[in-house]
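Asker: I have a structure I would like to understand better, so I am pasting it below and will then ask my questions one at a time.
The values are calculated or read from the model by the stated rules, or taken from the named source; none is laboratory data. Since this is a predicted model, take the numbers as computed values, not measurements. Note: ideal-geometry Cβ built from the backbone for every residue, glycine included; neighbour counts use all protein chains shown. Quick note on the areas: whole protein, heavy atoms, side chains included, nothing else; ligands and nucleic acids left out. Shrake-Rupley method; radii C 1.70, N 1.55, O 1.52, S 1.80 Å.
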Amino acid sequence: MTTSSTTVATDVCMSLQDVTISYGSFEAVKNVYMDLPRGRVTAFIGPSGCGKTTVLRALNRMNDLIPGCTLKGRVIFDQHDLYDKRVDPVEVRRRIGMVFQKPNPFPKSIYENIAFGARINGYRGDMDELVERSLRKAAVWDECKDKLQESGFSLSGGQQQRLCIARAIATEPEVILMDEPCSALDPISTLKIEETMHELKRSYTIIIVTHNMQQAVRVADMTAFFNAEAVEGGSGKVGYLVEFNNTENIFNSPSQQSTLDYVSGRFG
Amino acid sequence: MTVTLPPPSSQFQERRTLLYQPGLKRNRFNRICNAIAATFALIAILPLFLVLFYVLIQGGRLISPRLFTELPPAPGLSGGGIGNAILGTILVTVIATAISVPVGVGGGVYLAEYSSRGWFAQFVRFGNDVLAGVPSIISGVFIYGLIVATRFFFDQSYSAMAGGIALAVLMLPTVIKTTDEGLKLVPQELRWGAYGVGASRFVTITRITLPAALTPIATGVVLAIARAAGETAPLIFTALFSPFWPEGVFNPIATMSVLIYNFAIMPYEAQNELAWAASFVLVILILAANLLARWISHLTKA
């Protein structure tokens, strides 16, 4: 096996090794090395177009759905390279769930939104109990409990997003990826989702992309700062990982000048 | 504090009242253009109302229970009904729907969900557009050559099945197109959401994407049925005609459109009247199908 030579520490959940992601011939993000710790919240920050969402989507092979997107390097999860030819992307996504930027509940009832993922993952237990447990964990049970049979669209934007988190939890993944989960929400809904994240990190590894640096400070244990710069002969800016450290270090004593400039608001 | 406004420039005309003045050149021109556009709009819908009105007058007075339960009379006799033709139209349309919906929806799903917009998908889309423009009589000749002349089904020549297949050929492009377009309208985020909880492509399509696009697809199918039910040309030499009750799927069968074609030009009063009555029933059926399609397309907005 190609990956057995790689020693992965027990507290490392996912490991990116020299990852370069391209759209067609255009390199979006280049040479990323990163060890994402288990049971922690890791935040990706950086200016627009630096490839942080691209990296996030690479972690559960969501980029497969974008025509022309290719990845070089290795993403190690559970001792396998996720981009090995023998790996089934459907199994990857069952173990690495995702919450998207825009709330995207299925056009089904609230109950079915939760039950759908569990059912296709072969869940055999008490479905009512799973729905309640998932909604409780996502802190949206109180708003939903009296209208489980109503459409998911009958909820407000913030509630819909927490429904999507509940939907992701219901399949009991090991990792939850969140792509700017609060960018479409008001501050109160944002706060609720951040509280949800604090609850969730006890049982899950969470990786979140955010444009909101206060949010990164509030929720993340680790922070990765991405930046983009024009390369010679390139057609546009190429993203790269500048610095990856404890959130406290990133915001208080970054080792790179560009990180300091970004977190102190001098650019970006 | 006083503000001095700059004097109006002399190069413009003097300031006028803000009130609407019908006599102004632009206002007169506007009214004339409105009137012309309205006239042409009226002329455009005039045929629709004339046809509906004339068919209603000519056919509506002939409606009676006998019309739906009796066979057409022999030439020279009076009375009778078009029961066999109504039944035949329904049967042929059901056959056509049963063939074209699975094939068409499947094709549309392939185009929208599976093909990665390569040359093959482009080719299928182009071919589909061409097929949509093929005159209906061509599909009749095609099925005649393929099935009727070769006695394909149990050594039978003309049959309801052949007629249904000919209509299915006509319905296919509409069903494929509306499925393709309907699926394209489904937001990409919805597919991502399904993939994100670990759904395979098949589960995503059957459980999430297709249900989300059900309304446009159902609307397209109903409109395709409405069009097919009124077609004559593909049926003349596939389903043929029969003065009797339908004997089976593999026998010639009467349909309303062919009945109109046959009876309207006969030199017998009774047959001519039945042709009008059939026209009336057909128009009402197609009107009802269109209303149904509109109703379906309003479902999601509610």
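Asker: So how do A:261, A:18 rank on accessible area, 1.4 Å probe, biggest first, that is with the largest at the start?
Answerer: Working: A:261 35, A:18 60 Å².
Result of the area sort, largest leading: A:18, A:261.
Asker: Next up: Just name one of B:23, B:275, B:118: the one whose Cα is farthest towards the positive end of the charge dipole of chain B (beta-carbon charges, Lys/Arg +1, Asp/Glu -1).
Answerer: Of the options given, the answer is B:23.
Asker: Heads up, I need the accessible area for residue B:19: 1.4 angstrom probe, whole protein in place, Å², nearest 10.
Answerer: Looks like 130 Å² after rounding.
Asker: Please list B:177, A:201, A:85 from largest to smallest accessible area, probe radius 1.4 Å, with all protein chains kept in place.
Answerer: Numbers: B:177 80, A:201 50, A:85 195 Å².
Correct descending sequence by accessible area is A:85, B:177, A:201.
Asker: Another question, then. Provide the per-residue ³J(HN,Hα) series for the stretch A:181-186, in order, calculated from phi with Karplus coefficients 6.51, -1.76, 1.60 and θ = phi - 60°, each as a whole number of Hz, with x at glycine and proline positions.
Answerer: x, 10, 5, 9, 10, 7
Asker: Additional query: Among B:67, B:51, B:86, pick out the residue whose Cα is farthest towards the positive end of the charge dipole of the stretch B:1-86, where Lys and Arg carry +1 and Asp and Glu carry -1 on C-beta, about the Cα centre.
Answerer: Of the listed residues, the answer is B:51.
Asker: Need one value: the accessible area of residue B:29 in square angstrom, 1.4 angstrom probe, rounded to the nearest 10.
Answerer: 140 Å²
Asker: At q = 0.11, 0.14, 0.15 Å⁻¹, what log₁₀ I(q)/I(0) does chain B have when each alpha carbon counts as one equal point scatterer in the Debye sum?
Answerer: -0.81, -1.09, -1.18
Asker: Under a Cβ-only charge scheme (Lys and Arg +1, Asp and Glu -1), can you give me the dipole magnitude of chain B about the Cα centre, in debye to the nearest 20? If you can, show how the numbers build up before the last one.
Answerer: On the way: 19 positive and 12 negative charges, 296 e Å.
Result for chain B is approximately 1420 debye, rounded to the nearest 20.
Asker: Which whole-angstrom value gives the distance between the alpha carbon centres of the stretch B:145-210 and the stretch B:263-302?
Answerer: 26 Å
Asker: Let me ask something else. With charges set only on the Cβ (+1 for Lys and Arg, -1 for Asp and Glu), what does the dipole of the protein assembly as shown come to about its Cα centre, in debye to the nearest 20? Intermediate values should be presented prior to the final figure.
Answerer: Details: 49 positive and 45 negative charges, 259 e Å.
Dipole size: approximately 1240 debye.
Asker: Report the accessible surface area buried between chains A and B, summing both sides, using a 1.4 Å probe on protein heavy atoms only, in Å² rounded to the nearest 100.
Answerer: Working: alone 12630 and 18070 Å², together 29040 Å².
The contact between B and A buries close to 1700 Å².
Asker: Tell me which residues come under 5 Å, amide H to amide H, from residue A:69 once H is placed; ignore anything under 5 positions away on its chain.
Answerer: A:24
Asker: Over all directions, the average projected area of the alpha-carbon convex hull for the stretch A:1-142 comes to how many nm²?
Answerer: Values: hull surface 43.1 nm².
Projected area, direction-averaged: 10.8 nm².
Asker: As I understand it, the dipole of the protein assembly as shown uses +1 on the Cβ of Lys and Arg and -1 on the Cβ of Asp and Glu, about the Cα centre. Which of A:135, A:255, B:166 lies farthest toward its positive end?
Answerer: B:166
Asker: Using amide H atoms built in the peptide plane, which far-off residues or other-chain residues are under 5 Å from residue A:209 H to H?
Answerer: A:44, A:178, A:179, A:180
Asker: When Cβ neighbours within 10 Å are restricted to other protein chains, what is their mean count per residue of peptide B:197-207?
Answerer: Values: counts 19, 18, 8, 7, 3, 0, 4, 2, 0, 0, 6.
Per residue, the number of nearby Cβ atoms from other chains is 6 on average.
Asker: Kindly sort A:50, A:69 by accessible area of their heavy atoms, largest first, with the probe set to 1.4 Å. It would help to have the intermediate numbers written out before the result.
Answerer: Values: A:50 0, A:69 30 Å².
Most to least solvent-accessible, the answer reads A:69, A:50.
Asker: Which residues' amide hydrogens lie under 5 Å from the amide hydrogen of residue B:255, considering only partners 5 or more residues apart or on another chain, with H built in the peptide plane?
Answerer: Distant-sequence amide H within range of residue B:255: B:242.
Asker: Considering the convex hull of the alpha carbon atoms of chain A, report its projected area averaged over all viewing directions, in nm², one decimal. Show your work: numbers first, answer last.
Answerer: Numbers: hull surface 60.1 nm².
Averaging across all directions leaves 15.0 nm² for the Cα convex hull.
Asker: Here's another thing I want to ask about it. Report ³J(HN,Hα) in whole Hz for each residue of the stretch B:257-273, in order, from the Karplus equation J = 6.51 cos²θ - 1.76 cosθ + 1.60 where θ = phi - 60°; Gly and Pro get x.
Answerer: 5, 5, 4, 4, 4, 6, 8, 5, 9, 6, x, 10, 4, 4, 5, 4, 5
Asker: Report ³J(HN,Hα) in whole Hz for each residue of the stretch B:174-179, in order, from the Karplus equation J = 6.51 cos²θ - 1.76 cosθ + 1.60 where θ = phi - 60°; Gly and Pro get x.
Answerer: Result, rounded to whole Hz: 5, 5, 4, 4, 5, 5.
Asker: Another question about this same structure. Rounded to the nearest 10 Å², what accessible area does residue A:146 show when all protein chains are kept and the probe is 1.4 Å?
Answerer: Here the accessible area works out near 140 Å².
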